[in-house]
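Every number here is computed from the coordinates shown, using simple stated rules; none is lab data. It should be emphasised that the depicted structure is a prediction, and the values quoted were computed from it without experimental measurement. All Cβ positions, glycine included, derive from the backbone under ideal geometry; neighbour counts span all protein chains shown.
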2 protein chains.
Amino acid sequence: MRNAFHDELDAIGASLLQMVGLVKAALSDATTAILNADLALAEKVIASDAAIDAIQHDLDARTINLMARQQPVASDLRTLVSSLRMSADLERMGDLAHHVAKQARMRYPNCAVPAELTDTILSMGRVANAIIEKLAVSMEHRDTVRALEIETDDDEMDSLHRKLIAALLDDNWSHGIEAAIDMTLIGRYYERCADHAVSIARRVYFSVTGEYVEISD
Amino acid sequence: MRNAFHDELDAIGASLLQMVGLVKAALSDATTAILNADLALAEKVIASDAAIDAIQHDLDARTINLMARQQPVASDLRTLVSSLRMSADLERMGDLAHHVAKQARMRYPNCAVPAELTDTILSMGRVANAIIEKLAVSMEHRDTVRALEIETDDDEMDSLHRKLIAALLDDNWSHGIEAAIDMTLIGRYYERCADHAVSIARRVYFSVTGEYVEISD
């Protein structure tokens, strides 16, 4: 019985990792789409969001079902509770990739990102990608050291976000209000994505240790 | 044994309602603070966020503890799982009120909201308040009709948000990029707050019926 239970627990972990993979691809594609005004890729990201949502629904149903049937305690219960929360964060990260892709589609055939901000958005995409990769490793191996590192990696995203806002406020900004609004929102989507990764990383930590991460901010 | 369990379940419900009350007060105060450049009120909202976070931690610990000790099934398990998710949404709504208050503090002694947008922000605050009040009723009475109404109420928030963005893009906008960035973010905070209320309302529906709300968007 315990073996069957742990098989199901492993399967839930595998589905969470599958969600991480889909979110990583969606955000990476969304970044390419918005930097290159690539409509087909934007549409692909927008369409993929339903798949992420579907996995979440299925995963949550299995998690709750497993709680009801197996009545886990201690570490196993923490793992299941954490799974429910992680899936919610991952679903939201998928939404944010979807928002970036919708901005790309809305401004097509123009590029939503002015040339002088290309590097910043590229960097935000790269930092997000690196954070999501590290998150996958920390989830797969219940690696609390890597989970805690994501807090620091998020500082890099916040720094890029400040750089983005500074560019919008610079006297040389020549793209007007609409582009400034677009870039404010796009910047926020990346920043929030990293915040959700931090939140998941904290749940990895909680799931493994039963303790909350001390938050210094 | 069942009575003690249901007492604890009631206590968890009461703590969730306490969170709703604190979030409602925080957002209402944040709206007043940002419209009146009221620094003391902004500081009060910023300080109150820690109390909301503390209730969430305590509530989640009690919920997980109750799951482990009582091993609930069916409706009771759904209620506990939903509680965990609702507390996360409420905690985030508290964060968003905190963000609005921080914008008020950042622009003090100036007012972050230009005069021509006062009515729109006032309306966004009122709609948010009405949604949160309805949410409290639907949570307290497990009222799925009211829970579903919140989906429609959120449309009003989305409409106000579009009106806000249109004002920023109007040729008559004379407040420059910085105020446009501020208002883009403030508008998004209110819109996201209403989204979280919708999310909680969907969990009320799920908790009562065991079914997910069909989402039409």
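Quick one: how many lysine pairs does the protein assembly as shown have with C-alpha atoms less than 25 Å apart and a gap of 8 or more or different chains? Give me the count, please.
For the protein assembly as shown, the number of qualifying lysine pairs is 18.
Decide, for the protein assembly as shown, between rounded, prolate and oblate: order the square roots of the alpha carbon gyration tensor eigenvalues as a ≥ b ≥ c, take rounded if a/c falls under 1.5, and otherwise choose prolate if a/b is larger than b/c, else oblate.
Cα axes put the protein assembly as shown in the oblate bin.
Semi-axes of the range B:113-217's equivalent ellipsoid from the Cα gyration tensor, sqrt of 5 times each eigenvalue, largest first, rounded to whole Å? Numbers along the way, then the final one.
Details: eigenvalues 205, 30, 18 Å².
Semi-axes, largest first: 32, 12, 10 Å.
How many angstrom separate the Cα center of the range B:95-121 from the Cα center of the range A:62-140?
30
Calculate how large, on average over all directions, the projected area of the Cα convex hull of chain A is; give the answer in nm² to one decimal.
12.0
For the Cα atoms of chain A, what angle does the longest principal axis make with the long axis of helix A:39-70, in degrees from 0 to 90, nearest 10?
Result, in degrees: 20.
Starting from the Cα gyration tensor of the range A:58-147, take the square roots of the eigenvalues, sort them a ≥ b ≥ c, and report rounded, prolate or oblate (rounded when a/c is under 1.5, otherwise prolate if a/b is larger than b/c, else oblate).
oblate
At a threshold of 8 angstrom on Cα-Cα distance, excluding pairs fewer than six apart, so keeping six or more, what relative contact order does chain B reach in percent?
27
Averaged over peptide A:179-185, how many Cβ atoms belonging to another chain are found within 10 Å of each residue's Cβ? Could you put the intermediate results ahead of the total?
Details: counts 1, 7, 10, 1, 2, 8, 6.
Mean inter-chain Cβ contacts per residue within 10 Å come to 5.
Rounded to a whole number, what is D in µm²/s for the range A:1-66 from Stokes-Einstein with the Kirkwood radius over alpha-carbon pairs (25 °C, 0.890 mPa s)?
D, rounded to a whole number, is 185 µm²/s.
Which residues does the label zone of residue A:133 cover in the range A:22-56, counting backbone N under 18 Å from a point 7 Å along Cα→Cβ?
What the label zone holds, given the 18 Å backbone N cut-off, is A:22-32.
What angle, in degrees between 0 and 90 and rounded to the nearest 10, separates the Cα long axis of helix A:118-140 from the longest principal axis of the Cα atoms of chain A?
On a 0 to 90 degree scale, this one is about 0.
Tally Lys/Arg at +1 and Asp/Glu at -1 over every other residue whose Cβ is under 12 Å from the Cβ of residue A:179; what's the total? Could you put the intermediate results ahead of the total?
Working: positive: A:107; negative: A:116, A:178, A:182.
Here the charged neighbours net out to -2.
Find how many whole Å separate the alpha carbon centroid of the range A:1-47 from the alpha carbon centroid of the range A:142-217.
Cα centroid of the range A:142-217 versus Cα centroid of the range A:1-47: 19 Å apart.
For the Cα atoms of chain B, what angle does the longest principal axis make with the long axis of helix B:176-209, in degrees from 0 to 90, nearest 10?
Tilt of helix B:176-209: around 20 degrees.
For a quick check, take a GNM of chain B with Cα springs below 10 Å and name the residue from B:88, B:201, B:128 with the largest mean-square fluctuation.
The residue with the greatest mean-square fluctuation here is B:88.
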